[in-house]
Amino acid sequence: MAMLQSIVVFTLLLLMLILIIIIIVVVVFVFKPWRFFSYPSRCRAIKVGELERPLVSNDVDLAQDQSNDLTRNYDLDGECHLNAALLRPPRTQGLVHKQRLSSASRRLALGDSVVGDVSDPLDGILVGQTLKRRVVTEHLVELQTHGRPENQSQNLRFGTENDRPQESVPNTDAISDQRSCLSLQVVSGPSCGLHCSVLSTSTARLPLTLGRVPPSYLLLKDYEVSGKHAMITWNLNKLRWELVDMGSLNGTLLNSRPIHHPDPGSRLWGDPVELASGDTITVGTTSNIYVHISSHNERLVPFGVGITSDPMSLRRGGKKLPMEDVCYYHWPLPGINQFGVFGICDGHGGVGAAKSASKILPEMVATILTDSVKRERVVSEQDASDVLRDAFSQTEASMNNYYEGCTATLLLVWADADENFFAQCANVGDSACFINMDGKQIKMTEDHKVTSCSERLRIEGIGEPLKDGETRLCGLNLARMLGDKFVKQQDSRFSSEPYISQVVHLKKSSGAFALLASDGLWDVVSFKKAIQLVVQARERHSTETENLAEKIAEVMLNEARTQRTKDNTSIIFIDFDSSSTVSSCKVRP
């Protein structure tokens with residue numbers, strides 16, 4: 001009997017213990033009593049659009065540091081979305097202060113302009129309380145500045161129109177004469193030959209984006225380029241073009257210097273960098289983009305211009321062929337009205353010399369022509385031989401390419417007071433140019449291959465004639481070029497002295513046109529065939545006036561493809577019978 005009573009007592013005690021445990025569990029996990037005693041360390045979820053921001057400190061650096069949590073993410077297809085960090089509670093570092101906000105902390109500045117203002121009623125708010133008034137962070141302002149999609153940017157606006165800071169916007173009428181035209185040409189990479197232009201006043205087309213997927217304005221067919229890689233904007237306050245990396249995977253270089261964020265894995269945007277005419281933008285590893293900037297009144301060209309090029313990388317059984325051609329033109333030359341240059345440089349041993357020459361040579365021509373006496377002599381005597389000869393000599397002296405060289409063909413065009421146009425050409429190497437006028441073909445260049453008769457005669461005159469069957473000097477098939485200073489030091493038969501053509505008066509209504517091309521075209525197409533193709537293309541598109549020069553340049557390039565040229569091919573077609581503007585974007589199929 002005593003044992004039975006002990007068992008009953010033990011069972012009751014066990015049941016009471018289980019009941020107590022159940023009550024404790026219910027209290028702990030349902031009622032959460034600690035919330036009445038613990039200081040709140042987290043805020044509720046941030047609502048996009050309302051964007052409640054907790055814990056405003058008087059430490060401006062802390063506010064800027066917190067803004068780094070708001071990052072952009074881009075997937076491989078170029079889609080842009082806010083990082084998950086936007087929906088996380090902010091950091092808690094430095095949030096132990098409970099002092100009142102000082103008047104000095106009521107404003108958060110971005111650069112030199114005020115981007116946020118906390119009014120007087122906030123003097124009673126303690127750090128640690130949730131602030132439901134707008135707080136603008138550096139990164140959010142950057143999102144708006146760089147043209148976020150409309151449905152996203154609306155969620156990043158704060159307060160009413162009266163609450164927003166007033167920015168100083170220049171009067172567009174006052175700067176109408178300072179409008180700028182930006183032209184971009186892809187000079188290497190899978191999309192080589194692609195070119196586009198945009199005016200600083202074309203708000204519908206700005207900002208200009210560079211990327212691999214639509215709606216990028218400059219659409220690059222390069223898998224090393226991110227979906228949305230970089231962006232170019234017109235800074236209305238500073239009146240300049242600026243380039244910014246959009247958090248690309250492979251980064252962006254400007255003149256071989258990185259401008260992307262130091263941490264490429266963060267997908268953060270880089271800082272805006274000013275662009276200048278002659279700059280080279282590198283996106284990915286192989287796509288190089290040449291930058292040309294001119295004032296609005298420079299944009300109109302008094303004749304049609306078409307430029308195109310192709311590395312012909314599939315002409316050698318699919319082997320990737322590096323692009324070593326560089327095309328350029330400047331009309332008019334900076335500060336020199338009625339003078340312009342058109343040129344092609346074909347590199348060997350790399351593209352370095354071609355890039356250097358295409359930048360330095362036009363600069364030298366412009367520098368020489370800034371002398372009014374020399375400029376007037378060219379116009380009055382209708383001869384620019386001295387100018388061209390000096391420009392080539394100074395370019396050679398300025399180049400530091402010891403193991404790379406290039407051909408250089410430059411066509412100088414100018415007009416006199418009666419608007420009569422004249423053209424004269426200078427060249428070294430085998431990139432050729434000819435002008436056709438009234439059905440007459442005028443050769444403007446000379447071939448400087450070692451096998452050409454003119455070069456053999458020149459070398460014989462030096463006193464070191466070529467041996468029978470000798471077709472190369474130091475392994476090169478050219479005897480004249482810019483750069484290649486190492487081999488020039490080894491063999492005095494090399495030269496950088498240009499051939500200079502006669503001056504051609506481009507008569508009006510003569511059907512005159514000029515064709516410049518690297519040897520990739522001339523290896524498979526004769527001058528006679530080229531003229532036939534131009535005439536046929538003009539007849540075929542006789543009713544069209546827009547981009548006619550571009551279409552003819554493409555016809556010539558397609559012919560080089562059809563004839564299966566095995567070299568880089570670059571073409572400049574100038575139609576002196578029509579006028580044009582800077583080319584619009586066009587992707588070659």
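The values are calculated or read from the model by the stated rules, or taken from the named source; none is laboratory data. Since the model is a prediction, treat every value here as computed from it, not as a measurement. Here Cβ is always computed from backbone atoms with ideal geometry, including for glycine, and neighbour counts include all displayed protein chains. Ligands, DNA and RNA are stripped out before the accessible areas are found, and what is left, the full protein with its side chains, is counted by its heavy atoms. Shrake-Rupley method; radii C 1.70, N 1.55, O 1.52, S 1.80 Å.
Does GLY475 fit the bill of being exposed (fewer than 10 other Cβ atoms within 10 Å of the Cβ) and either within 38 Å of the chain's Cα centre (by Cα) or in contact (Cβ under 8 Å) with a residue 60 or more places away in the chain (or both)? Give the derivation first.
Details: exposed (fewer than 10 other Cβ atoms within 10 Å of the Cβ): yes; either within 38 Å of the chain's Cα centre (by Cα) or in contact (Cβ under 8 Å) with a residue 60 or more places away in the chain (or both): yes.
In short, yes.
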- Restricted to region 351-361 and to residues being of a type outside the set (S, T, N, Q) and under 11 Å from ASN401 (Cβ atoms), the residue surrounded by the fewest Cβ atoms within 10 Å (Cβ to Cβ) is GLY352
- For residues that are β-branched (Val, Ile, Thr) and open to solvent by 10 Å² or more (accessible area, probe 1.4 Å), scanning just region 446-472, find the one that is nearest to GLN532 (Cα to Cα). THR451
- So how many residues does region 229-239 have that are touching a residue at least 40 places away in the same chain (Cβ under 8 Å), open to solvent by 10 Å² or more (accessible area, probe 1.4 Å) and of a type outside the set (A, V, I, L, M)? 3
- Note on the structure: Being more than 22 Å from ASN568 (Cβ to Cβ) and not hydrophobic (A, V, I, L, M, F, W, C) narrows SER202, SER188 down to just SER202
- Complete set of residues in region 441-470 that are closer than 25 Å to GLU404 by Cβ and touching a Lys or Arg at 6+ places or on another chain (Cβ under 8 Å): HIS448, VAL450, GLU455, ILE459, ILE462, GLU464, LEU466
- Task: Considering only residues that are more than 20 Å from ASP222 (Cα to Cα) and not in a strand (DSSP E or B), look in region 247-264 and name the one that is modelled with the lowest pLDDT.
- Result: ASP263
- Note on the structure: Across region 363-417, the tally of residues that are open to solvent by 70 Å² or more (accessible area, probe 1.4 Å), touching a residue at least 40 places away in the same chain (Cβ under 8 Å) and of a type in the set (S, T, N, Q) stands at 3
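For residues in region 529-566 being of a type in the set (Ser, Thr, Tyr) and not in a helix (DSSP H, G or I), which is least open to solvent (accessible area, probe 1.4 Å)?
The selected residue is THR565.
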- Query: Hey, among ALA432, ALA423, which residue is open to solvent by less than 40 Å² (accessible area, probe 1.4 Å), in contact (Cβ under 8 Å) with a residue 12 or more places away in the chain and within 17 Å of ALA357 (Cα to Cα)?
  - Reply: ALA432
- Item | Matching option when the condition is under 22 Å from SER197 (Cα atoms) and among the hydroxyl-bearing types (Ser, Thr, Tyr), among SER526, SER578, SER510, SER501 | SER578
- Query: For residues in region 233-246 being part of a loop (DSSP other than H, G, I, E, B) and more than 18 Å from TYR217 (Cβ to Cβ), which is farthest from the chain's Cα centre (by Cα)?
  - Reply: ASN237
- Message: Can you find, within region 206-223, the residue that is nearest to LEU184 (Cα to Cα) among those that are surrounded by fewer than 19 Cβ atoms within 10 Å (Cβ to Cβ) and hydroxyl-bearing (Ser, Thr, Tyr)?
- Response: TYR217
- Query: Given the structure, is VAL450 at pLDDT 95 or above and touching a strand residue (DSSP E or B) at 6+ places or on another chain (Cβ under 7 Å)?
  - Reply: no
- Failed item in (1) at pLDDT 95 or above; (2) open to solvent by less than 50 Å² (accessible area, probe 1.4 Å), with HIS505 passing the rest: (2)
- Item | Matching option when the condition is at pLDDT below 95, over 24 Å from the mean Cα position of the chain (by Cα) and buried (at least 17 other Cβ atoms within 10 Å of the Cβ), among HIS292, HIS348 | HIS348
- Query: What strands (runs of 3 or more DSSP E) lie completely within region 393-440 and have 3 or more residues being under 16 Å from CYS327 (Cβ atoms)?
  - Reply: 408-415
- Message: Just to be sure I understand, how many residues within region 270-285 are out of contact with any strand residue (DSSP E or B) (no Cβ under 6 Å at 6 or more places or on another chain) and crowded, with 17+ Cβ neighbours inside 10 Å?
- Response: 2
- Query: What single numbered condition from (1) surrounded by 18 or more Cβ atoms within 10 Å (Cβ to Cβ); (2) under 12 Å from the mean Cα position of the chain (by Cα) fails to hold for SER226?
  - Reply: (2)
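Residue-by-condition table, conditions (1) among the polar types (S, T, N, Q); (2) open to solvent by less than 20 Å² (accessible area, probe 1.4 Å):
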site	(1), (2)
MET481	no, yes
PHE494	no, yes
PRO498	no, yes
SER509	yes, no
PHE527	no, no
- Note on the structure: Scanning region 188-205 residue by residue, those open to solvent by less than 50 Å² (accessible area, probe 1.4 Å), within 16 Å of THR233 (Cα to Cα) and in contact with a strand residue (DSSP E or B) (Cβ under 7 Å, 6 or more places away or on another chain) turn out to be CYS196, SER197, VAL198, LEU199, SER200
